[in-house]
1. Could you list all residues from the stretch 48-80 that are under 15 Å from Q104 (Cα atoms) and either in contact (Cβ under 8 Å) with a residue 40 or more places away in the chain or surrounded by 20 or more Cβ atoms within 10 Å (Cβ to Cβ) (or both)?
2. Would you mention how many residues in the stretch 1-52 are in a strand (DSSP E or B), of a type in the set (S, T, N, Q), under 27 Å from K64 (Cβ atoms) and out of contact with any Lys or Arg (no Cβ under 6 Å at 6 or more places or on another chain)?
3. Does I81 fit the bill of being of a type outside the set (K, R) and modelled with pLDDT of 95 or more?
4. Just give me the residues in the stretch 14-47 being in contact (Cβ under 8 Å) with a residue 24 or more places away in the chain, closer than 30 Å to A4 by Cα and surrounded by fewer than 12 Cβ atoms within 10 Å (Cβ to Cβ), in sequence order.
5. Return the only residue of W31, W25 being within 23 Å of K79 (Cβ to Cβ), touching a strand residue (DSSP E or B) at 6+ places or on another chain (Cβ under 9 Å) and among the aromatic types (F, W, Y).
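The values are calculated or read from the model by the stated rules, or taken from the named source; none is laboratory data. Source: prediction; values computed, not measured. We place every Cβ from the backbone using ideal geometry, glycine too, and count neighbours over all the protein chains shown.
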Amino acid sequence: MSPAKPTVHIYTDGACLGNPGPGGWAALLRWNEHEKELTGAASRTTNNRMELRAAIEGLKALKKPCRVVIHTDSQYLRKGITQWIHNWRRNGWRTASKKPVKNQDLNRLQQST
């Protein structure tokens, strides 16, 4: 029997001054007694893009297969990765009203991470 994969908790946040405006994101990875902080910024962005970027960069920082728990205060991020993404993919990255999904580039990147 193989050993259980470790669980990494990723705490994320993103914000911007104005929407759009200059913004930043942060992710804290925590596993056992270890922590890793990640941060970044963009000169013109939206709060939703920064929320997505925090989760993506947290996932990209993982070095080995593991269980992941993402902690976020963003309903956009939470619903995007647990509910909406399934229909977006099925509908060719279009919303129920047939409009292109916003932040499609980051949502697709997150899906592949």
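1. Residues satisfying the conditions are N48, R49, M50, E51, L52, R53, A55, I56, L77, G80.
2. Total meeting the criteria: 2.
3. no
4. N32
5. Details: W31 fails: within 23 Å of K79 (Cβ to Cβ).
Of the residues listed, the single one that is within 23 Å of K79 (Cβ to Cβ), touching a strand residue (DSSP E or B) at 6+ places or on another chain (Cβ under 9 Å) and among the aromatic types (F, W, Y) is W25.
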